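Structure, as structure tokens:
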Amino acid sequence: SSGINAEWPLRPGEKKSISSEERSVRTQSIVGGEDTVDIDANVQYAGILKKPPFGTRSYGMLTRWTERFCVVKESFLLYYDKSEKKAYETKKMFNIHPKGVIPLAGCSIENFDDIGKPCLKITHASFKTGNLVLAARNPEERDNWVNVLRECSKVTWNNAQLGAAQIKLLEENTAKINKEKTDYIEKLQAEAELRKHEEGKKEELEILAKQLEEEKSKMEDIANKFKEEKEMTHQELLDAMSAMKSLDEERAKMDNEREELQQNLKKMKKEKSTDWTLR
């Protein structure tokens, strides 16, 4: 079965579809020119969940729940036959040919206890076949899935753009504080010079110099704090951009796999239809 029909938001300059030549190049770069490749299991979460057929809108005694081995990788939920769990645990790698792929970016994930099972529900405006409901073995396991899926749903292109805007704002604030610091120190120095010439009192000059040093230390502490915040935000942006790069690669990979799965499904349907005709 294929996953929920969810369209990806296009970024500026990105094409709606890719040519067969581009697809061939992308596939070779992803899977090394082979039909099947396992990928190092650097995943966020994995386990067994029960899934009803897509499009199910009511749940009762006759609802067919199928156990699926589910893997959360970056901002994608991949699901396989239950048998894939053993291969995953043995090789610590997961296959790039899942039965379905759910993009989690921008999705809403919440507990769903309306049917007497410890379920979770994944919703998004682009899901054309309805919401996705999955059942865990117990409430604790369900809560773990919800927490992981919610974190992965936050990795979006808009969030990366927001990080860049925050760094720019932080740089502007740092420059403003540095200017205020310089102006204030210059003002204190001018006052010190004025008192030195007017009063000529060593004691007052020493007190003023001490105050100047204290104020200078305070301003330096503030500047250092903003510098640390700037570096931290910059690192977060780098991490976000790295995650976006991984998402782009994963998305291209999943797009190829989804198209291949759809073509295989069409081929199987055609062969099945031919078999029935021959009979």
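Of the cross-linked pairs K91/K245; K128/K266; K196/K216; K225/K245; K92/K154, those separated by over 24 Å at the C-alpha level are K91/K245; K225/K245; K92/K154. Length gained on full extension, N111 to T66, computed as 0.36 nm times the residue gap minus the Cα-Cα distance: 14.3 nm. The residues of the stretch 203-266 present an accessible area of 69 Å² per residue when probed at 1.4 Å with all protein chains retained. Here the spin labels are modelled as points 7 Å beyond Cα on the Cα-Cβ line, and at S126 and K227 they lie 4.3 nm apart.
Using 7 Å Cα-to-Cβ label points, what is the N144/E236 separation (nm, one decimal)? So the two model labels end up 2.8 nm from each other.
Take the Cα of H197, step 7 Å toward its Cβ, do the same at E151, and the gap between the two points is 6.3 nm. With a Förster radius of 51 Å applied to the beta-carbon distance between Q262 and L212, the computed FRET efficiency rounds to 0.10.
For a label point 7 angstrom out from the Cα of K179 toward its Cβ, which stretches of the stretch 198-228 have the backbone nitrogen within less than 14 Å? Inside the label zone: nothing.
Checking the Cα-Cα distances for K179/K201; K82/K272; K181/K230 against a 27 Å cut-off, the pairs over it are K179/K201. With a Förster radius of 30 Å applied to the beta-carbon distance between E172 and D248, the computed FRET efficiency rounds to 0.50. Taking the inverse of the mean 1/r over every pair of distinct Cα atoms in the stretch 164-279 gives a Kirkwood hydrodynamic radius of 20.3 Å.
Over all distinct Cα-Cα pairs of the stretch 53-116, the Kirkwood formula returns a hydrodynamic radius of 13.8 Å.
A 1.4 Å probe run over the stretch 54-102, with the rest of the protein chains in place, finds 53 Å² accessible per residue.
The values are calculated or read from the model by the stated rules, or taken from the named source; none is laboratory data. Fair warning: this is a prediction, and the values are worked out from it, not measured in the lab. Note that we place each Cβ from the backbone using ideal geometry, even for glycine, and neighbour counts take in every protein chain shown. Ligands, DNA and RNA are excluded from the accessible area calculation, which covers all protein heavy atoms including side chains. Shrake-Rupley method; radii C 1.70, N 1.55, O 1.52, S 1.80 Å.
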